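Down below is the structure, laid out as structure tokens.
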Amino acid sequence: TTEMIQSLALGRAKKRLSEPFAETMVRYPNEQNLAAQLIGSVPAMMAESARRLTAMNRFDAIDINMGCPARTVVGSGNGSALLKTPERALEVMRAVREATDLPVQLKLRLGWDEEHIVAPELIRAAQALGFRSVTLHGRTRSQMYKGPVNTEAIRAICASAEIPVYANGGVTCAGDALRFLRETGASGVAIGRAALRQPWIFDDIRHLRMGEPVPERLAPERVGLLKKLAALACGHRPEKVAVSEMRKFALFWLPGLTGYGEVLAALNGITTLDGFNRLLEEMYEGWKQNEVMVEEYETEDAEVVVCAYGIVGRVAKDAVKQLRAEGIKAGLIRPITLFPFCTKSFEKLDYGKLKGILVAELSIPAQMIEDVELATKGRVPLESLTHSGGRFIITEEVYDRLKAMALGNTKEVK
């Protein structure tokens, strides 16, 4: 879909649209299956916007967004705020459907909160109105993006729906997407935020569906994607603005490459596309094509190893150091970028000495567990630990579990 298009602005517009607003309705050459994503809560303005979008002859469908939980969107009564008033939501749906001959799609969440689950009702209404499909996020608005996705609720809705339902929410890697599809029985999986951090996630899914290993995304591909995106962005907005926005994507795509922090710092002083490309090319000379996206700490002679990502990976190192000081040979494998998981580090371990591996995280993606199991090939006991505590609590938990492994006093802790 496009960026969210504010229906009040488009429906009332009497003059030429401002460049930033018009940019939300851009269609790139050869772009396929592009839906115009509308937000709004006033049926008349939604209908007028749908008519104007249809008249542009630019889009393949109209997508009504009733799922966005952002405070700025909900505060004006749009997005998932409509889930509080299903009657108004239905009026909006009917108004858009009657205003266009393009296919209409609906995007929504399960409800506003657990006491107000309205998705089944609104999806039945979408079917009756002849909507083409629905994208359903498996959380309520009150959950925002936190907590578990309710796969059972999505599955029940999919089982009774007469139009395609695409499941959304909680997908962080290709393995998650395929698992989500199996667990929900949905027609497909919609991926949002994960695709910003891993634009290659769709290719990763293709590899997994074909029974192939997920390739590592190394420096040539990451740098190439950044340069391509920068060029596209500069073609549609002021160069200085477009280059500035590349900092976010550099932060997403470059971690794990030697000196990437220097690139991020240097980007603050760059305002031109030529300068951006020149910086990447200079840094690329120092990046090896087989750069490993993982930190290995004291793993050469380790008898117990913790595998941890993100904040847990940083603090788990303290536990490893403490155990080493006590004479216990602990080690750390910390993926700098989780997607895909680097299995080469596990191939280097001495399984003749190794007593166990602990996978620790605040919330462990199932793909991470599967990757570790695949890499270790069942040669060593594998345990998992999740914890929502602070830094010192996590460090203590990891310390206790690794020490128990080393001493042979393992126990299952959820």
Would you list LEU279, LEU122 from fewest to most Cβ contacts within 10 Å? LEU279, LEU122
Under 5 Å, built H, 5+ apart or other chain: amide partners of VAL359: CYS307, GLU383, SER384, LEU385
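In whole Å and largest first, what semi-axes does the C-alpha gyration tensor of the chain yield when each eigenvalue is scaled by 5 and square-rooted? Each step should come with its number before you reach the end.
Values: eigenvalues 377, 154, 62 Å².
They are 43, 28, 18 Å, listed largest first.
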Can you list the residues of segment 30-72 with backbone N under 15 Å from a point 7 Å past the Cα of ARG16, pointing along Cα to Cβ? none
Output the 0 to 90 degree angle, nearest 10, between the alpha-carbon long axis of helix 391-407 and the longest principal axis computed from the alpha carbons of the chain. 50 degrees
So for the chain, taking the charge dipole from beta-carbon charges (+1 Lys/Arg, -1 Asp/Glu), which of LEU110, ILE205, ALA316 sits furthest toward the positive end? LEU110
Where does helix 219-234 land angle-wise versus the long Cα axis of the chain, in degrees 0 to 90, nearest 10? 20 degrees
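How long are the three semi-axes of the equivalent ellipsoid for segment 174-264, computed from the Cα gyration tensor as the root of 5 times each eigenvalue, in whole Å, largest first? Walk me through the numbers before you get to the answer.
Values: eigenvalues 166, 54, 24 Å².
The answer is 29, 16, 11 Å, longest axis first.
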Would you mind ranking LEU374, LEU349 so that the residue whose beta carbon has the fewest other beta carbons within 10 Å leads the list? LEU374, LEU349
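Do any of LYS14/LYS107; LYS146/LYS317; LYS146/LYS377; LYS228/LYS348 go past 31 Å between their Cα atoms, and which? Kindly include the intermediate steps, with their values, before the conclusion.
Working: LYS14/LYS107 28 Å; LYS146/LYS317 26 Å; LYS146/LYS377 33 Å; LYS228/LYS348 36 Å.
In this structure, LYS146/LYS377; LYS228/LYS348 exceed 31 Å between Cα atoms.
Once you have the Cα-Cα distance between GLU23 and ALA156, take 0.36 nm times their residue separation minus that, and quote the gain in nm to one decimal.
This chain segment gains 44.0 nm when fully extended.
FYI, it's all coordinate maths here, none of it is from the lab. None of the values given here were measured: they were computed from a predicted structure. Every residue, glycine among them, receives a Cβ derived from its backbone with ideal geometry; neighbour counts consider all protein chains shown.
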